[in-house]
Every structure is written in structure tokens, then in C-alpha cells.
1. Return the residue satisfying two criteria in turn: it lies in segment 18-65 and is in contact (Cβ under 8 Å) with a residue 24 or more places away in the chain and among the β-branched types (Val, Ile, Thr), and of such residues it is nearest to GLY87 (Cα to Cα).
2. Based on this model, can you work out whether ALA58 counts as over 12 Å from the mean Cα position of the chain (by Cα) and among the small types (Gly, Ala, Ser)?
3. Kindly check whether there is at least one residue in segment 21-28 that is crowded, with 17+ Cβ neighbours inside 10 Å, in contact with a helix residue (DSSP H, G or I) (Cβ under 6 Å, 6 or more places away or on another chain) and either β-branched (Val, Ile, Thr) or over 16 Å from ASP129 (Cβ atoms) (or both).
4. Given the criterion of a type in the set (Lys, Arg), under 24 Å from ASP129 (Cβ atoms) and surrounded by fewer than 21 Cβ atoms within 10 Å (Cβ to Cβ), identify the matching residue among ARG96, ARG92, ARG18.
5. What single numbered condition from (1) surrounded by fewer than 21 Cβ atoms within 10 Å (Cβ to Cβ); (2) farther than 22 Å from GLN137 by Cβ; (3) of a type outside the set (D, E, K, R) fails to hold for GLN57?
6. Give the residue, chosen from ALA123, ALA146, that is crowded, with 18+ Cβ neighbours inside 10 Å, of a type in the set (Gly, Ala, Ser) and either at pLDDT 95 or above or out of contact with any Phe, Trp or Tyr (no Cβ under 8 Å at 6 or more places or on another chain) (or both).
7. What tally of residues in segment 35-48 results from selecting those that are surrounded by fewer than 24 Cβ atoms within 10 Å (Cβ to Cβ) and out of contact with any Gly (no Cβ under 8 Å at 6 or more places or on another chain)?
8. Any chance segment 159-169 includes a residue that's more than 18 Å from the chain's Cα centre (by Cα) and surrounded by 21 or more Cβ atoms within 10 Å (Cβ to Cβ)?
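The values are calculated or read from the model by the stated rules, or taken from the named source; none is laboratory data. For clarity, every value in this text was computed on a predicted model and none was experimentally measured. When we count neighbours, we look across all protein chains shown, and the Cβ atoms used for this are built from the backbone with ideal geometry, even at glycine.
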Amino acid sequence: MHKLSGEELLAQYAEGKRNFNAVDLSGDNLFQADLQEINLSGSVLVGAYMPYGNLSQANLGKAQLQDAEMGDVQLYQANLSGANLSGANLSRANLRHANLQGTNLQGANLRGADLYNADLSNADLSNADLRRANLEQAKLTKAKLAGCNLFRSRGADLADAECDRTTIGPEGY
């Protein structure tokens with residue numbers, strides 16, 4: 001795996017390069033970075049600082065994003081399938097039409113996130129914070145929601161999700 005600094009990534013991206021699969025950007029500062037359609041599949045971004053960034057239509061499949069700071073980030077139509085986002089901050093993130101199949105979102109902060117039409121099939125949302133999130137038309141088939149807080153979330157269809165007595169529903173119980 002190739003270690004790359006945030007500055008190097010931004011410079012190469014500005015030159016037109018889009019394929020950065022399997023690079024190590026752990027702990028890097030990518031504040032407000034505009035990286036639309038970038039390929040970071042299989043990359044390590046553990047603890048990366050990326051709030052207010054634009055990663056629309058990015059490929060982050062199987063990426064390691066544990067504890068990443070991604071508040072207010074644009075992930076419209078992004079591929080995050082199989083990624084590890086445990087403990088990540090995705091508050092107010094735009095995840096409309098995103099692919100989150102099989103994604104690890106344990107303990108993630110998704111407060112106020114827009115997950116309209118996102119595919120969360122088989123995702124692990126155990127102990128995640130989804131308060132005030134938009135879940136209209138989101139696919140939650142076999143999504144694990146144990147300990148998940150869905151208070152005041154909108155449009156959640158939990159019929160095929162795996163909830164238990166520790167799951168806090170949209171109504172607060």
C-alpha cells in the first residue's frame with residue numbers, strides 16, 4: 001500500500017488523475033476537498049479529516065474510514081459498499097442514492113444525514129446515531145439496527161431491518 005499525503009493527492013487529482021485505489025491517507029487533512037468521481041477503493045483513510053468535502057460519485061468500496069471526520073460531506077451516488085466507517089462522523093452528510101451495502105457503520109454519527117434512496121442492505125448500523133436522518137426510500141433489508149437511535153428520523157421502513165429491544169425508533173421508543 002502506497003502512503004500518500006493529502007497535498008500529493010490533491011495535486012495529482014488537479015492534474016486529472018482519478019484512480020487512487022489502495023493508497024494510505026490515514027490521518028490526512030482533506031478539509032473541503034473537491035474529489036468528485038475519485039476512486040479510493042480499498043484505501044486507508046482511518047482518522048482522515050474530510051468535513052465539507054465533495055466525494056460525489058466517488059468509489060470508496062472496501063475503504064477503511066474508521067473514526068474519519070466527514071461531517072457535511074457530499075457523498076451523492078458514492079459507492080461505499082463493504083467500507084468500514086465504524087465510529088466515523090457523517091453528521092449532515094449527503095448520502096442520497098449512495099451504495100452502502102454491507103458497510104460497517106457501527107457507532108457512526110449519521111445525525112441529520114440525508115440517506116434518501118440509499119442502499120443499506122446488510123449494513124451494520126449497531127449503536128449508530130441516526131437522529132433526524134432522512135431515510136425516505138432507503139433500503140434497509142437485513143440492516144443490523146441493534147442499539148441504533150432513529151429518533152425523529154424520517155421515512156424509515158424498518159419492515160426488513162433487524163431491530164431489537166435496544167433499537168430506538170423514530171417515535172423515541
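1. Only one residue tops the list, namely VAL44.
2. When the stated conditions are applied, ALA58 does not pass them.
3. yes
4. Selected residue: ARG92, the only one of ARG96, ARG92, ARG18 that is of a type in the set (Lys, Arg), under 24 Å from ASP129 (Cβ atoms) and surrounded by fewer than 21 Cβ atoms within 10 Å (Cβ to Cβ).
5. Unmet for GLN57, out of (1) surrounded by fewer than 21 Cβ atoms within 10 Å (Cβ to Cβ); (2) farther than 22 Å from GLN137 by Cβ; (3) of a type outside the set (D, E, K, R): (2).
6. Sole residue among the options that is crowded, with 18+ Cβ neighbours inside 10 Å, of a type in the set (Gly, Ala, Ser) and either at pLDDT 95 or above or out of contact with any Phe, Trp or Tyr (no Cβ under 8 Å at 6 or more places or on another chain) (or both): ALA123.
7. Summing the residues that are surrounded by fewer than 24 Cβ atoms within 10 Å (Cβ to Cβ) and out of contact with any Gly (no Cβ under 8 Å at 6 or more places or on another chain) in segment 35-48 gives 4.
8. Scanning segment 159-169, I find at least one residue that is more than 18 Å from the chain's Cα centre (by Cα) and surrounded by 21 or more Cβ atoms within 10 Å (Cβ to Cβ), so the answer is yes.
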